[in-house]
Amino acid sequence: MELRIRDDRPVLVGHDGTGVREVDPDSLPLGHDLTGALREWARVATAVDRGGADSAAPMVSRRGAQLAGRVAEAMGVPVTYVDPVSGEVTHVVPEPPRPAPPPPAEPVPWSTGSAVTVITMAISGVAFIGLAATLRETNALLALVSNVVITAGLAPSVWLARRVVVWRWVAAGVAAGLAASWLALPFTILA
């Protein structure tokens, strides 16, 4: 694709597979700001060329090269820029898209998180062991079944919560409470 000026207006010239065609930038998805800037640049470049204002020629050339770069980025294809003042040809290649910067790492709240884990472990451990001890009075097998049911019911939730920023501390506490209930189960059944 090539950026040129034809009769006070910008045109993009390119090969469409059947032949060379001139396309008005307004018909391309360049955005209103860029097409307006291209029209304004073409008018100024034509006025500078007719008036012979040598002092403005470098600015017109620089602005044309900048606009060619913006067209290349917007279209995603290389653009050849023909300087209307000097006739010099410049090839502009679009820059590859930059990856988004990674989000800044948050500090880990070890003291608060550890406190939440310990409190959750204590509450869940006492609840699980208390349930097993209460059911053991009816039948020792019920204490074992209760631990199996509680573990099977909480395992998916604990597994999913292990990567969630705040809930990972609660998940660690529940997992520790489950482990404590399994360690205490033989003593609960034999008591």
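Key figures
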{"read-out": "Fewest-first ranking of Trp159, Trp182, Trp41, using other Cβ atoms within 10 Å as the exposure measure", "value": "Trp159, Trp182, Trp41"}
{"read-out": "Fraction in percent of alpha-carbon pairs per bin - 5 Å, segment 2-92", "value": "3, 15, 27, 27, 17, 8, 3, 1, 0"}
{"read-out": "Taking Arg4, Arg163 and counting other C-beta atoms within 10 Å, the order from fewest to most", "value": "Arg163, Arg4"}
{"read-out": "Between segment 1-35 and segment 110-125, the Cα center-to-center distance that results, in Å", "value": "66"}
{"read-out": "Mean separation of Cα contacts under 8 Å, 6 or more apart, over the residue count of segment 110-190: relative contact order %", "value": "47"}
{"read-out": "C-alpha long axis of helix 167-190 to longest principal axis of the chain, angle in °", "value": "20"}
{"read-out": "Computed over the chain: relative contact order in percent, which uses C-alpha pairs under 8 Å that are six or more apart", "value": "16"}
{"read-out": "Rounded to 10°, Cα long-axis angle of helix 57-75 versus longest principal axis of the chain", "value": "40"}
{"read-out": "Cubic angstrom per residue, convex hull over Cα atoms of segment 124-191", "value": "59"}
{"read-out": "Anisotropy class of the chain from Cα gyration tensor, a/c 1.5 cut", "value": "prolate"}
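No lab work stands behind these numbers, since they all come straight from the coordinates. In this text, all values refer to a predicted model and were calculated from it rather than measured experimentally. Glycine also receives a Cβ, built like all others from the backbone with ideal geometry; neighbour counts cover every protein chain displayed.
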